[in-house]
Structure formats: structure tokens, C-alpha cells
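First the structure, in the form of C-alpha cells, and then the observations on it.
The values are calculated or read from the model by the stated rules, or taken from the named source; none is laboratory data. As the structure is a prediction and not an experimental result, all values here were calculated from the model. Note: ideal-geometry Cβ built from the backbone for every residue, glycine included; neighbour counts use all protein chains shown. What goes into the accessible areas is simple: the full protein's heavy atoms, side chains included, and nothing from ligands, DNA or RNA. Shrake-Rupley method; radii C 1.70, N 1.55, O 1.52, S 1.80 Å.
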Amino acid sequence: ITWNTSRDNPVELASVIGIMASTLGTLGNELYTLHNQDFSEMEDHVSATTVGRSTMPHPSTPVMAMEISSLSKLLRTVVFEAFESLENEHERDPRNLNLEYDYIGRLCCMAAVILDKSIQLVENLDVNETNIQKNINLLNGVVFSESVMMRLGEYIGREHAHELVHDFAMHALAKNIPLKEILLSQDAITSKFTEEEIESLLSPENYLGLATQFVDNVLAANQEILENIKKL
């Protein structure tokens, strides 16, 4: 089979690199958002002497996360160039080979920078657990209404439980009072659950499910890759 016009393999490589870069770009975007002062949950670590902005001395800028996001967007434009090399004439058309001389180098260089910056970002990430807890509690426990509804549904049926807990949650939001306070005032709840059980249903720690196990599974399955990355 002629290879001149069959550029599937280089384009597949470009596609895989594009997917990888987009995944890391998603990570960069998320950490950029969580760095914002409205959240302040995770920060791209910078030294105390680093200047945040040219006009404002106080903020720190998530430069690494920003660069990862920007580079991932630029890299995806190069993936488009790769696809341009797929359509050729007959079996010996060499014109689109010149595209590879240009895009493959840029693609690999940008991918290397994105990987390097992503590793640095994750290894030096500052996690503010206090703000995470504060943000979780902004809605006074309403975000955990599902667990209350599901547990109550075991006693009175899911539909009826959904209706009741919906009313409780809307009341908590309207009055800006903790959902727990409303639940403890309702016979439909206190007749089924103790205060300790209600606290457990509204606890973020008990709402993680198997999330940590899934993370451990992914890390274990990719342990060899992680070890190779550490050697770079």
C-alpha cells in the first residue's frame, strides 16, 4: 500500500496528542477558576515575592493554569492542520507531506510544554480546605438534599420523599437558614431519623461515595506511566 498519500498514522498521533492536551486544558481551566478569589479553593503556588499584577499588588495570578489552557487551544489548531493532510490525489501526491514538516514539530513541542507545566502545577498545588468547606456550606446544606430524599424514600416512597424534601430545601433557600434546622423541626423527618443520622446525611465526607476508590483504581492502573514521568 502506498504511503505517500496514506497519512492516517501521523494524523492519529496528532489526534491523540490533541485529546491529551484538551484533557490537560480542562484541568488548567478548572484550577484557574478555583484560583479565583470567589472560590480560592486551589492555587497555582507562587513565591511570596512574585508580583501578582502590574497595577494591583494584592492578587496572585494562576499563570501556570492559564498557560496550560491557552496552549491547549493553540495545539488544537495544529490538529486541524494534520487533518488537512489526509485528502490527496492518486497514490503519489507529495504536496501534503510538506504540512507534516511544519505541524509535527510544533505539535510535539507544545505537547511537551503542556505536559511539563501540568506536572509542575499539580505537584505544587496549594489546596485550601477551609475555603472548600466554606463554599460547600454556602447553601446551608441544601446541596445534600438528595441524600436526605433517597434515605427518606426508603420509608415513605421516593416520589413523596422528593416532594417533601423539595419543599424543605426551597424554604431553606428562601429564608437563608440551614437545611438541618428545618429537618429537625419536621415530624416527618424526626420520626424516622435521629439528629446524628441527619448530620451524617448532610456531611460532605459521607457524600463522596466511591470517588476516592475510583481515583486509586486509575492511579494503580497507570502506575508504570507515573513512574516513567517521575524519571523525566
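Estimated from helices alone, the mean residue ellipticity of the chain at 222 nm is -20500 deg cm²/dmol (sum of -39500 (n - 2.57) over DSSP H runs with n ≥ 4, per residue). Of the accessible area of the chain, computed with a 1.4 Å probe over protein heavy atoms only, carbon and sulfur atoms account for 57 percent.
How much net charge surrounds ASN128 when only other residues with a Cβ under 11 Å from its Cβ are counted (Lys, Arg +1; Asp, Glu -1)?
So the environment of ASN128 carries a net charge of -3.
Could you identify which residue out of ALA211, ALA14, ALA161 has the top mean-square fluctuation in a GNM of the chain using Cα springs shorter than 10 Å? Per the Cα network of the chain with a 10 Å cutoff, ALA211 tops the list. All C-alpha pair distances within the stretch 128-232, sorted into 5 Å bins from zero, spread as 2, 11, 18, 19, 14, 9, 8, 6, 5, 5, 3, 1, 0 percent across the bins. Here the stretch 53-144 is treated as a sphere whose radius is the Kirkwood value from Cα pairs; by Stokes-Einstein at 20 °C and 1.002 mPa s it diffuses with a coefficient of 123 µm²/s. For the chain, the solvent-accessible area of protein heavy atoms averages 65 Å² per residue (probe radius 1.4 Å; ligands and nucleic acids excluded). Sorted largest first, the principal axis extents computed over the alpha-carbon atoms of the stretch 128-167 equal 39, 17, 8 Å.
If you bin all the Cα-Cα distances of the chain at 5 Å, starting from zero, the percentages per bin are 1, 6, 10, 11, 11, 10, 10, 10, 9, 8, 6, 4, 3, 2, 1, 0, 0.
Electrostatic bookkeeping for ALA161 treats Lys and Arg as +1 and Asp and Glu as -1; over the other residues with beta carbon under 9 Å from its beta carbon, the sum is -1. Summing charges over neighbours of GLU87, with a neighbour being any other residue whose Cβ is under 15 Å away from its Cβ, gives -4 when K and R count +1 and D and E count -1. If every alpha-carbon in the stretch 105-148 counts as one equal scatterer, what log10 I(q)/I(0) does Debye give at q = 0.31, 0.34 1/Å? Log10 of I(q)/I(0), two decimals: -0.99, -1.04.
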